[in-house]
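Data first, discussion second: the structure below is written as structure tokens.
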Amino acid sequence: MKVTENEMIVYVDVDGTLCVKGEEIDGRDVPGGYQGDQAYYYGVLHRIDRLYLNIAFLKTLKARGWYIVVHSHNGWQWAKNVVEALELQNYVDEVKSKPFKYVDDQDCHSWMGTRINLHEEKESW
């Protein structure tokens, strides 16, 4: 059994939170190859665009002692690939797939708090 000895745990999603997955990268189509951020998604290399405000927020939470879990509905391997591509290994404690279900006597909204996505906040400024 794994025990996380920290009461301050935050789950951070990948797609639309840490990055936006772009088109597939085919090195033959780009003279000199693609130089930006990239990660493998089910064996296919994709361009990824960083969402800087959420990445900065993740780093701030880590500096304040939070335990950081990065997860994705697209699976743990995609989440791991993105964490590595964005060079966030020193800020992330754990990577996993996003849960499909949870079992609890209360609805998650009663204890989880408000959803945070600074990228979306900025878009509405």
Problem set entry | Given (1) closer than 26 Å to Glu24 by Cβ; (2) loosely packed, with under 10 Cβ neighbours inside 10 Å, number of the condition Lys101 does not satisfy | (1)
For this session: Looking only at the range 1-25, count how many residues are surrounded by 12 or more Cβ atoms within 10 Å (Cβ to Cβ) and hydroxyl-bearing (Ser, Thr, Tyr).
Result: 2
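Any chance you could count how many residues in the range 63-105 are among the charged types (D, E, K, R) and over 14 Å from the mean Cα position of the chain (by Cα)?
The total comes to 4.
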Exercise. What is the one condition in (1) in contact (Cβ under 8 Å) with a residue 60 or more places away in the chain; (2) part of a loop (DSSP other than H, G, I, E, B); (3) within 13 Å of Asn54 (Cα to Cα); (4) not aliphatic (A, V, I, L, M) that His119 does not satisfy?
Worked result: (2)
For this session: Starting from the range 80-107, keep only residues that are more than 14 Å from Val69 (Cβ to Cβ), then list their pairs with residues that are of a type outside the set (A, V, I, L, M) and in a strand (DSSP E or B) whose Cβ atoms are within a distance under 9 Å, requiring at least 6 positions of separation or different chains.
Result: Asn81/Tyr40; Asn81/Tyr41; Ala85/Cys19; Ala85/Gln38; Ala85/Tyr40; Leu86/Cys19; Leu86/Arg50
For this session: Residue by residue through the range 47-67, note down the ones that are part of a loop (DSSP other than H, G, I, E, B) and either in contact with a strand residue (DSSP E or B) (Cβ under 8 Å, 6 or more places away or on another chain) or closer than 23 Å to Glu23 by Cβ (or both).
Result: Leu51, Trp66
For this session: Collect the residues in the range 88-109 that are at pLDDT 95 or above and either assigned to a loop (DSSP other than H, G, I, E, B) or closer than 15 Å to Cys19 by Cα (or both), keeping them in residue-number order.
Result: Leu88, Gln89, Asn90, Tyr91, Val92, Asp93
Exercise. From the residues in the range 68-87 that are buried (at least 18 other Cβ atoms within 10 Å of the Cβ) and of a type in the set (Val, Ile, Thr), which one is farthest from Gly22 (Cα to Cα)?
Worked result: Ile68
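The values are calculated or read from the model by the stated rules, or taken from the named source; none is laboratory data. Every value quoted in this text rests on a predicted model; they were computed, and no experiment measured them. Cβ coordinates were reconstructed from backbone atoms using ideal geometry, including for glycine residues, and neighbour counts include every protein chain displayed.
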